[in-house]
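Enquirer: Before anything else, here's the structure in question.
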Amino acid sequence: MIRLPRPVRSWWSRRTIQFRTSAVATVVALCALGAIAHASTGFVGWLLLDSVDTDLRRRATAATSQLASGADPAALVGPDLRVLDVAGTPVDGLPARALGGREIDDLKEGEGVIEHRDHAEWRRWVGAVVPDPRGEPRLVLAGTPLVGYRDTLSTAGNFLVFGSILSATTIGLATWIVVRRCLRPVERLRVAAGTLPEGERLPVPEADDELRALAEALNSMLTRRDADTEWLRRFTGDAAHELRNPVSAIRVQAEVAVVHPDPEQAQEALQEIADEAKRLSDLVDGLLALARAERGSQPPPRPVDLVSAVRAAADRANMRGVRPRVQVETSAAALVVSASPYEVATVLDNLVSNALRYARALVRVSLLPAADSVRLLVDDDGPGIPAEHRAQVFDRFHRVEADRARSTGGSGLGLALVAEAVRRRGGTVRAGESPEGGARIEARWPLSGPLLPAVRRDDGRR
């Protein structure tokens with residue numbers, strides 16, 4: 001493979017598609033048409049010589065018949081008829097012709113040859129071998145001047161070369177125009193993309209071709225861009241709104257502590273500042289976790305035993321010494337789901353924390369296995385979730401009662417994190433009413449392992 005020098009390749013790579021396509025088409029067409037012109041010139045020469053050879057063979061055949069019947073070679077010969085021996089030496093008494101040994105061999109085999117001398121007319125010869133009356137082999141040559149042969153070939157060659165150059169130039173120009181017209185929709189797409197307002201899409205060509213596929217791919221990209229922009233705008237607005245309250249509360253309490261340096265009042269203000277700072281920290285952590293869940297890369301799934309994870313979450317909640325204690329109920333020894341341990345822990349901690357925030361005396365976590373999934377139920381005996389809010393509790397920053405949620409430290413992000421984590425693994429979540437009259441959050445997770453029967457019932461007490 002021929003490798004061009006680096007400067008040439010660099011120059012070529014900077015040319016436009018229109019120029020490169022037209023240049024390649026022109027060069028290829030010129031090479032192909034040049035080959036056709038060369039072959040055509042040779043074909044024209046072959047046609048001319050074939051018609052001459054037909055007449056010369058007829059004359060050579062007649063002369064060989066006379067020579068074989070005993071005619072004197074000197075009586076047969078002339079400018080266009082010669083008699084030689086098989087070595088090429090004349091036996092007819094006339095001067096030798098300008099024919100070499102290779103030409104003599106071709107003539108003895110019946111091939112035609114051209115005799116050409118400098119500044120002289122070309123002559124075509126055709127030969128035939130025949131024995132004379134004494135049995136000596138003789139080479140009878142019949143020839144004729146090729147009048148206008150060179151001029152005809154030269155004229156035909158020049159015409160075909162000129163036609164090839166003209167045709168290649170025409171092909172290159174046509175390619176330039178066609179490529180320019182074909183790239184016009186791409187230029188329109190580029191111009192439209194540069195001035196496209198948010199929410200609008202590029203025009204899709206009617207033809208089902210590569211440009212239509214390009215436009216559809218760009219529109220899909222624009223859809224994702226608009227969705228990301230809208231998500232970022234909404235997320236930023238919600239985050240700014242939610243962060244404003246704890247920041248304002250911290251500022252007010254700090255100003256109160258500065259203006260009223262009473263130790264008891266300052267202590268109360270510092271406690272309020274600490275509570276609001278904790279709430280602010282939890283809110284920031286929730287925002288970061290939700291951002292990673294919604295737009296971050298999903299960790300690779302691993303087999304996670306949901307039974308062990310639920311018991312560990314209950315232990316973590318019970319070790320904090322809060323009331324009520326968390327009870328775990330399950331009918332299986334192991335329930336394996338496909339997720340990451342961090343995701344499962346996040347889901348369980350948020351569900352348990354949410355239930356503890358509103359429960360009066362009971363929080364129960366139940367695992368109910370099915371054929372190909374497991375139902376995770378978290379019940380409490382608190383005030384519950386009104387039916388009109390059950391579909392929105394998994395939205396970011398949604399609160400059933402804003403004052404109650406704020407007083408208990410809720411940020412409105414826990415259930416949103418739960419919903420996002422479960423749905424990313426092919427599960428579903430929904431809110432309902434527990435048998436105790438409080439709230440029930442149900443998460444259905446696809447199983448990825450065998451169902452093992454339980455050996456005992458775990459009530460959450462160690």
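The values are calculated or read from the model by the stated rules, or taken from the named source; none is laboratory data. On a predicted model such as this, the values are computed, not experimentally measured, just so you know. When we count neighbours, we look across all protein chains shown, and the Cβ atoms used for this are built from the backbone with ideal geometry, even at glycine. Keep in mind that these areas ignore ligands, DNA and RNA; they rest on the heavy atoms of the full protein, side chains included. Shrake-Rupley method; radii C 1.70, N 1.55, O 1.52, S 1.80 Å.
Enquirer: R360 is checked against (1) modelled with pLDDT under 90; (2) open to solvent by less than 30 Å² (accessible area, probe 1.4 Å) and fails just one. What number does that condition carry?
Expert: With (1) modelled with pLDDT under 90; (2) open to solvent by less than 30 Å² (accessible area, probe 1.4 Å) applied to R360, the lone miss is (2).
Enquirer: Next question, about the same structure. Please go through region 184-210 and give me each residue that is within 21 Å of T229 (Cβ to Cβ), in a helix (DSSP H, G or I), out of contact with any Pro (no Cβ under 9 Å at 6 or more places or on another chain) and open to solvent by less than 60 Å² (accessible area, probe 1.4 Å), ordered by number.
Expert: Scanning region 184-210 gives a single hit, A193.
Enquirer: Check S154, S167 and return the single one that is at pLDDT 90 or above and either surrounded by 12 or more Cβ atoms within 10 Å (Cβ to Cβ) or among the hydroxyl-bearing types (S, T, Y) (or both).
Expert: Going through S154, S167 in turn, the sole match is S167.
Enquirer: Just for region 365-381: of the residues that are within 20 Å of V393 (Cα to Cα) and crowded, with 17+ Cβ neighbours inside 10 Å, which one is farthest from the chain's Cα centre (by Cα)?
Expert: Result: D381.
Enquirer: To continue, here is another question. Report yes if some residue within region 69-82 is within 18 Å of E109 (Cα to Cα), touching a strand residue (DSSP E or B) at 6+ places or on another chain (Cβ under 7 Å), part of a helix (DSSP H, G or I) and not aromatic (F, W, Y); otherwise report no.
Expert: No.
Enquirer: Taking only region 117-147 into account, find how many residues are open to solvent by 30 Å² or more (accessible area, probe 1.4 Å) and either of a type in the set (D, E, K, R) or over 23 Å from L107 (Cα atoms) (or both).
Expert: The qualifying residues number 8.
Enquirer: Out of all the residues in region 89-99, is one or more without any contact (Cβ under 8 Å) to a residue 12 or more places away in the chain, under 40 Å from the mean Cα position of the chain (by Cα) and open to solvent by 80 Å² or more (accessible area, probe 1.4 Å)?
Expert: No, there is no match, as no residue in region 89-99 is without any contact (Cβ under 8 Å) to a residue 12 or more places away in the chain, under 40 Å from the mean Cα position of the chain (by Cα) and open to solvent by 80 Å² or more (accessible area, probe 1.4 Å).
Enquirer: Please go through region 415-446 and pick out each residue that is more than 15 Å from V352 (Cβ to Cβ), touching a residue at least 60 places away in the same chain (Cβ under 8 Å) and among the charged types (D, E, K, R).
Expert: Of everything in region 415-446, those that are more than 15 Å from V352 (Cβ to Cβ), touching a residue at least 60 places away in the same chain (Cβ under 8 Å) and among the charged types (D, E, K, R) turn out to be E420, R424, R425, E436, R444.
Enquirer: Moving on to the next point. Test R181 against the stated conditions and say whether it is among the charged types (D, E, K, R) and part of a helix (DSSP H, G or I).
Expert: The answer is yes for R181.
Enquirer: Give the residue that is least open to solvent (accessible area, probe 1.4 Å), with candidates limited to residues of region 1-27 that are closer than 24 Å to V186 by Cβ and more than 24 Å from the chain's Cα centre (by Cα).
Expert: S22
Enquirer: Still on this structure: Determine which member of the set R138, R134 is at pLDDT 85 or above and within 30 Å of Q66 (Cα to Cα).
Expert: Exactly one of R138, R134 is at pLDDT 85 or above and within 30 Å of Q66 (Cα to Cα), namely R138.
Enquirer: Condition (residue is β-branched (V, I, T) and modelled with pLDDT of 90 or more) applied to region 314-330: is it met by at least one residue?
Expert: Yes.
Enquirer: Go through region 326-351 residue by residue and tally those that are surrounded by fewer than 17 Cβ atoms within 10 Å (Cβ to Cβ), outside any strand (DSSP E or B) and more than 40 Å from the chain's Cα centre (by Cα).
Expert: 1
Enquirer: Sticking with this structure for a sec: Quick one: F159 ticks every box in (1) open to solvent by 90 Å² or more (accessible area, probe 1.4 Å); (2) part of a loop (DSSP other than H, G, I, E, B) except a single one, so which number is it?
Expert: The number of the failed condition is (2).
Enquirer: Residues that are open to solvent by 50 Å² or more (accessible area, probe 1.4 Å) and closer than 22 Å to R124 by Cβ: does region 63-70 have at least one?
Expert: Yes, some residue in region 63-70 is open to solvent by 50 Å² or more (accessible area, probe 1.4 Å) and closer than 22 Å to R124 by Cβ.
Enquirer: Quick one: count up the residues across region 353-371 that are over 23 Å from V336 (Cα atoms) and among the basic types (K, R).
Expert: 2
Enquirer: Does I104 count as farther than 30 Å from L30 by Cβ, part of a helix (DSSP H, G or I) and in contact (Cβ under 8 Å) with a residue 24 or more places away in the chain?
Expert: Here the answer is yes, as I104 does meet what is asked.
Enquirer: When you check L48 against the structure, is it hydrophobic (A, V, I, L, M, F, W, C) and within 60 Å of the chain's Cα centre (by Cα), yes or no?
Expert: For L48, the condition - hydrophobic (A, V, I, L, M, F, W, C) and within 60 Å of the chain's Cα centre (by Cα) - is met.
Enquirer: Report whether or not A60 is modelled with pLDDT of 85 or more and within 30 Å of D151 (Cα to Cα).
Expert: Taking the combined requirement at face value, the residue satisfies it.
Enquirer: Now, a different point. Under 7 Å by Cβ, and 6 or more places apart or on different chains, what pairs join a residue from region 1-25 that is under 24 Å from A168 (Cβ atoms) and part of a helix (DSSP H, G or I) with one that is among the aromatic types (F, W, Y) and open to solvent by 90 Å² or more (accessible area, probe 1.4 Å)?
Expert: Q18/W176; S22/W176
Enquirer: Can you find a residue in region 283-304 that is open to solvent by less than 80 Å² (accessible area, probe 1.4 Å), farther than 28 Å from S338 by Cβ and at pLDDT below 80?
Expert: Yes: region 283-304 contains one or more residues that are open to solvent by less than 80 Å² (accessible area, probe 1.4 Å), farther than 28 Å from S338 by Cβ and at pLDDT below 80.
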